[in-house]
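Below: the structure, in structure tokens.
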Amino acid sequence: MKSTLSLLLAWFICGTAVAQQAWYIDGYHGGVWGHYPDWNTRFMADQLAQHPDWNINIEIEPATWARAMQVDAPALNDFRTFFEAGRVEYVNPSYGQPYLYNVSGESIIRQFQYGMQELKTYFPRAEFTTYSSEEPCFTSALPQILTSLGFKYASLKNPNTCFGGYTRAHGGEKVYWTGPDGSVILTAPRYSGEALSNESTWQTIGWNNSPAYLEHAKQDGILHPIGMTLQDAGWKNGPFMGSKANYTTWRNYFEHIVNNDSAATWNLSQEDILVNLVWGSQVTQRIAQQVRAAENMILQTEKLVAMSVWDGNMKWPQAEFDAAWRTLLLAEHHDSWIVPYNGQPGDTWADKVHNWTEQTNHICDSLIQIGSARQNQAKIARIKNGYQLDNDMYRIVVDTVHGGVITELFSKKLNKSFAVNGFNELRGNFYEKGGRHSSMESRVRVVKLSNGLEIHGQIAGTPYTQTISIRKGDPKIDFELHLDWKKNTGIGTPLTKEYKWEMRDKPFYNDSNKLLVVFPTTLKDVHVAKDAPFDVTESRLDNTFFNSWDSIKNNIILNWVDITDGQYGLALFSDHTTSYTHGAGFPLGLDIQYSGMGLWGRNYTIDGPTTVNYAIVPHKGNWEAGDIPHQNNLWNDPLADYNSIFTLEGGAVQVTSMTWKNGQLVVRLYNPSTKPGQARLRFKKEIGEVSLVELNGEINTNKQSTKAVTNNKEVVVDLPRFAIRTLSINPQ
């Protein structure tokens, strides 16, 4: 979403303050689900005809063109003429325009694959060369995904739509963005002199090629400065900067304007992507949970159906999976996360996400039944002021006098205690109920379960139920928290003055006052690591806290966050993307609830119960020594057993997806490790030819990547650190 206030601000035409030549990226952003009036295709075609020097870049939802063909086919044909002439570049072909950092790596791949496939229907000669977005739709592993899809260039700029964040500024007019696996893509960064605007909380000074922006660029040695705005589809401006700007496509900029210039390498971290949403709000939480559950469901279903096809029990149901993926990809749309309340009652973005993910789950349910085995029982003993939970892995003591917190968490395998008093405490600032409250203020009632405890307590007058579960041989300790809210109540930091869009300090930025579940441990001087799509980030943050738009930190937990003192560690798993807390004197914590002012002055409220699932894993060493990616994969995909087809040997290597295409079994592998890995797939029967394929379907001719096919039953694949590799296997 972009502020229409931008249209009311003075536009500075490039070149008025400095003699240096400048360029501009103009175009449109939106689509049939976000915003795309039926007249927009005709408008773009007419404007391109009227302004022969105007070249544009578009990120329009691919499904838009089916509607455009239906309502005004001549307009689409005219627009295609300009597209084929090279005056229009498609810079974001993803199906649902997701933020990327908040969804699974496999979802990101399908976003591009489904989007590019759809676009080829309407633009058969389309070439996807540059990735760029008007929103902060970035993630650290993009270089290997983009290059495998055939992209050559990228932009890390989003200067006119920074409501949800921005990237860290970096020196140079272009860099070699290097991903965690070593993949490289030539990229235009947000320049080091491209400061955040002092007049808004959604812009950098690069949004209009202002004199200040160009002067900073000149001082920093930027020879070919470029500004950018992808206008909202529906705006009737035509050329955004008037007639005096040098409008270019990103492809032309990279290939003909800056092609011969040198560029530095930038090993961009996920913490260089400075993004934030209204984490902890119930509406955002539900969206994140629904998307995560559907992601897990569809990937599990694909694997199970793939095995059934291998065994000859059924044919691959491509049409059904296509339908299931498309609704999930739409649920990942950035607008559903940043403006969840937008829309008519019953048809808001939040409502759409619910319906879309339900459709995905329904299709998966129709294809196969997924169940789980019953778990082994744990021993439970009543002790003074609490209960003791025992199995072969842990001894856990729960204090019933003080809110059911864990006073002892002893790992029998490691011979190590991890918890200090207050472990698993709920606490937050209930500013309409007198301030800070804790679950430790009240006694709890405990019910014994076959493999754990069910705790009944209350916090600030709201009843909650929490289950703690352990299983024989399993290092994961599972928690399910259910808060039975009866009415909305303010939680977090209150708004102390009239809300304005330009306010830098926003209440939802401050996680320290939100309702958290916290885990104070015996570990001292810890280092933090956290996963990201096809990456693990070694945190450089002193703490996760900030209050202002101009000081956003990436404090996001995708699947897990881990702390370690070098000898021992503790990992925290979450059932949805949200924020985590940590800092000096502040324990690791998970954001459970926020209720208060959000973006655009909207009150984000509580309208019913909240349920959150999370887990912890005490371990030796750091996240890698503790095998945390594997444990989290088992938590999300408990049926990850491919033994009916092959056994997988390869340490940390995971199977992220299994599908069929053109009679070939397609297996994608991921190495979630800082070390190079080797995957060995031992098949139960003889197989035919095996090819290593790129994400765009092209065969990788680098024979060193696929090392061997032995006795027609074995495939050995080398994987660099954090790399993905896709195998196409002929079953014969």
Among (1) part of a loop (DSSP other than H, G, I, E, B); (2) on the phi < 0 side of the Ramachandran plot; (3) surrounded by 18 or more Cβ atoms within 10 Å (Cβ to Cβ), which single condition is N209 missing? (2)
I383 fails exactly one of (1) β-branched (V, I, T); (2) touching a residue at least 40 places away in the same chain (Cβ under 8 Å); (3) surrounded by fewer than 17 Cβ atoms within 10 Å (Cβ to Cβ), namely (2)
Test: residue in segment 129-137 that is crowded, with 20+ Cβ neighbours inside 10 Å, free of Cβ contacts under 8 Å to residues at least 60 places away in the same chain and of a type outside the set (D, E): yes
For segment 457-573, give me every one of the strands (runs of 3 or more DSSP E) that falls completely inside it and has 2 or more residues that are among the hydrophobic types (A, V, I, L, M, F, W, C). 477-483, 515-519, 527-532, 560-564
Hey, among L48, L7, which residue is at pLDDT 95 or above, touching a strand residue (DSSP E or B) at 6+ places or on another chain (Cβ under 9 Å) and part of a helix (DSSP H, G or I)? L48
Give segment 459-516 a look and list any residue that's of a type in the set (A, V, I, L, M, F, W, C) and more than 24 Å from the chain's Cα centre (by Cα), or say none. I459, A460, I468, I470, I477, L483, W485, I491, L495, W501, M503
Members of segment 168-180 that are crowded, with 22+ Cβ neighbours inside 10 Å and within 21 Å of the chain's Cα centre (by Cα): W177, G179, P180
Cβ-Cβ under 8 Å, sequence separation 6+ or interchain: first residue in segment 579-602 and farther than 17 Å from V517 by Cα, partner in a strand (DSSP E or B) and not aromatic (F, W, Y). Which pairs? G596/I491; G596/N603; M597/N603; G598/S281
Leading residue by the ranking (surrounded by the fewest Cβ atoms within 10 Å (Cβ to Cβ)) among those in segment 45-88 that are acidic (D, E) and more than 34 Å from the chain's Cα centre (by Cα): D53
Flag for D261 being touching a residue at least 24 places away in the same chain (Cβ under 8 Å), farther than 19 Å from N57 by Cβ and in a loop (DSSP other than H, G, I, E, B): yes
Just one of W356, W310 is of a type in the set (F, W, Y) and within 30 Å of I552 (Cβ to Cβ); which is it? W356
Quick one: which residue in P239, P225 is more than 20 Å from S551 (Cβ to Cβ) and in contact with a Gly (Cβ under 9 Å, 6 or more places away or on another chain)? P225
Qualifying residue in segment 411-419 (condition: hydrophobic (A, V, I, L, M, F, W, C), modelled with pLDDT under 95, surrounded by 15 or more Cβ atoms within 10 Å (Cβ to Cβ) and closer than 25 Å to Q466 by Cβ): no
Determine whether F545 is among the aromatic types (F, W, Y), in contact (Cβ under 8 Å) with a residue 12 or more places away in the chain and within 23 Å of T167 (Cβ to Cβ). yes
Among (1) touching a helix residue (DSSP H, G or I) at 6+ places or on another chain (Cβ under 6 Å); (2) in a loop (DSSP other than H, G, I, E, B); (3) surrounded by fewer than 23 Cβ atoms within 10 Å (Cβ to Cβ), the one test that I185 misses: (2)
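Residue by residue, here is whether (1) closer than 28 Å to N488 by Cβ; (2) in the same structural domain as L146 (by TED's automatic domain parsing); (3) of a type in the set (V, I, T) holds:
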| position | (1), (2), (3) |
| --- | --- |
| P533 | no, no, no |
| D542 | no, no, no |
| I552 | yes, no, yes |
| G569 | no, no, no |
| G585 | no, no, no |
| R602 | yes, no, no |
| N613 | yes, no, no |
| G626 | no, no, no |
Just to be sure I understand, how many residues within segment 420-447 are touching a Phe, Trp or Tyr at 6+ places or on another chain (Cβ under 8 Å) and either more than 21 Å from I491 (Cβ to Cβ) or buried (at least 23 other Cβ atoms within 10 Å of the Cβ) (or both)? 5
Filter segment 138-155 for residues that are part of a loop (DSSP other than H, G, I, E, B), surrounded by 23 or more Cβ atoms within 10 Å (Cβ to Cβ) and not aromatic (F, W, Y) and give the result. T139, S140, A141
Which pairs turn up if I take residues in segment 278-290 that are in the same structural domain as Q359 (by TED's automatic domain parsing) and look for partners that are modelled with pLDDT under 95 and hydroxyl-bearing (S, T, Y) with beta carbon separation below 8 Å, at least 6 apart in sequence or on another chain? none
What tally of residues in segment 76-98 results from selecting those that are assigned to a loop (DSSP other than H, G, I, E, B), touching a strand residue (DSSP E or B) at 6+ places or on another chain (Cβ under 7 Å) and within 17 Å of A294 (Cα to Cα)? 1
Among G608, G598, which is the only one that is touching a Ser or Thr at 6+ places or on another chain (Cβ under 7 Å), small (G, A, S) and either at pLDDT below 95 or under 30 Å from V339 (Cβ atoms) (or both)? G598
Candidate set from segment 329-352 (those that are in contact with a Phe, Trp or Tyr (Cβ under 7 Å, 6 or more places away or on another chain) and under 23 Å from K661 (Cβ atoms)); member that is surrounded by the fewest Cβ atoms within 10 Å (Cβ to Cβ): L330
Could you list, ordered by first residue, the pairs with Cβ atoms under 6 Å in which the first is in segment 231-258 and under 16 Å from F82 (Cα atoms) and in contact (Cβ under 8 Å) with a residue 60 or more places away in the chain and the second is surrounded by 21 or more Cβ atoms within 10 Å (Cβ to Cβ) and among the aliphatic types (A, V, I, L, M), at least 6 apart or interchain? W250/V91
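Every residue, every condition in (1) within 17 Å of D718 (Cβ to Cβ); (2) part of a loop (DSSP other than H, G, I, E, B), yes or no:
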residue: N633; (1), (2): no, no
residue: L648; (1), (2): yes, no
residue: V666; (1), (2): no, no
residue: S673; (1), (2): yes, yes
residue: R680; (1), (2): yes, no
residue: I687; (1), (2): no, yes
Taking E199, is it part of a loop (DSSP other than H, G, I, E, B), acidic (D, E) and crowded, with 23+ Cβ neighbours inside 10 Å? no
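The values are calculated or read from the model by the stated rules, or taken from the named source; none is laboratory data. For clarity, every value in this text was computed on a predicted model and none was experimentally measured. As a convention, Cβ positions derive from the backbone with ideal geometry for all residues, glycine included, and neighbour counts pool all protein chains shown.
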